[in-house]
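Report on the following structure.
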Amino acid sequence: MDLNLKGKIVVVSGSAGKEGSIGETMINRLAEEGAIPALVDRNNRGFGYAEALQKKGIDALFVQTDVTDPVAMEAAVAKIIEKYGRIDAVINNVGVNDGAGLDATYDEFMDSLKLNVVSYFLLVKFALPYLKESKGNILNIGSKVALTGQGGTSGYAAAKGGVLGLTREWAVDLIQYRIRSNAIIIAESYTPAYEDWIKTVPDGEAVLKKINKSIPFESRMTKTIEIADTALFIISDRSSHTTGQFVFVDGGYVHLDRALISDVN
């Protein structure tokens, strides 16, 4: 199926994670579909990702910036517009489960909110004039923690709850401009960051096995490419009448009956 993404300028925040991360997988899938990824991230790893795409003859841009700083984010969008003159879609992919719980300081809690939800607001705010011109769309990457809780991560949970609230709010707010706003909700995906965390946990392999067993469909974690492919479909014209939706790419983790989980899996 042709997603009609060729030549579309797609801004992806949080796109300079380690190789195999959701953001890095997403920009490569966009490139494969002929879209032009504009990477926005604080990590200089993004320069290498953009250069690798350019060496393949694929147009790409990386803007290194602090996604929590309004001045920096406005400047980042300006750089994208300076090069391309348009924005067709925004994918907010920033997410760090930083463990800012009830024992965190006020500043730690606020820092978590700034990173995990305020950055979403800033990118959409500054990209909005160009989304209005292109009748583009917004995709927010959310987390099951917003709906299920997790424990010990008040900042992240509050932020991801806010992401879902903004998704619906923007769907209502921007419908007059024919701008769609949707969210993908992820449960357990074995990203490099997840792997790093497992290595810090006592008896990590046993913990990992238990987590896998808790996922109803195929007793495995969601692959980053499955998340990326769903994202591409949602931002494409093939989803042209889908807005205000939460799409769960989670192997049934959030909604399916726990009775499905058994030793048979």
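Please state the relative contact order of the chain as a whole percent: Cα pairs under 8 Å, 6+ residues apart? Walk me through the numbers on the way to the answer.
Numbers: 504 pairs, mean separation 49.6, N = 265.
So the answer I get is 19 percent.
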Between His241 and Lys6, take the C-beta separation as r, use R0 = 22 Å, and let me know the FRET efficiency to the nearest 0.05. 0.55
Considering only Ile234, Ile211, Ile185, give the residue with the highest GNM mean-square fluctuation for the chain, with springs between Cα atoms whenever their separation is below 10 Å. Ile211
Mean-square fluctuation maximum in Gaussian network of the chain, Cα pairs under 10 Å, restricted to Leu123, Leu113, Leu208, hits Leu208
Dipole magnitude (debye, nearest 20) for segment 115-211, charges at Cβ of Lys, Arg, Asp, Glu: 380 debye
Starting from segment 187-265, pick out the GluC sites (Glu not before Pro) whose DSSP state is loop and whose Cβ has at most 12 other Cβ atoms within 10 Å. Glu218
Suppose each label sits 7 Å from its Cα in the direction of the beta carbon; what would the Asp69-Asp103 distance come out to in nanometres? 3.2 nm
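Viscosity 1.306 mPa s, temperature 10 °C: Stokes-Einstein D of segment 136-265 from its Kirkwood Cα radius, in µm² per second? Display every interim value, and only then the final one.
Numbers: Rh = 16.0 Å.
Result for D is 99 µm²/s.
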Simple spin-label estimate for Gln150/Lys199, 7 Å along Cα→Cβ, in nm, reads 1.9 nm
Just to be sure I understand: with springs between alpha-carbon atoms less than 10 Å apart, which residue in Gly14, Gly23, Gly151 has the highest mean-square fluctuation in the Gaussian network model of the chain? Gly151
Working note, segment 70-214: Cα radius of gyration (Å, one decimal) and Dmax (Å, whole number) are 17.3, 53
Residue-normalised accessible area of the chain, given per residue in Å² at a 1.4 Å probe: 48 Å²
Please give the per residue volume of the convex hull enclosing the alpha carbon atoms of the chain, rounded to a whole number of Å³. 135 Å³
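The values are calculated or read from the model by the stated rules, or taken from the named source; none is laboratory data. In this text the structure is predicted, and so the values were computed from the model without any measurement. In this analysis, Cβ positions are derived from the backbone assuming ideal geometry, glycine residues included, and neighbour counts consider all displayed protein chains. Keep in mind that these areas ignore ligands, DNA and RNA; they rest on the heavy atoms of the full protein, side chains included. Shrake-Rupley method; radii C 1.70, N 1.55, O 1.52, S 1.80 Å.
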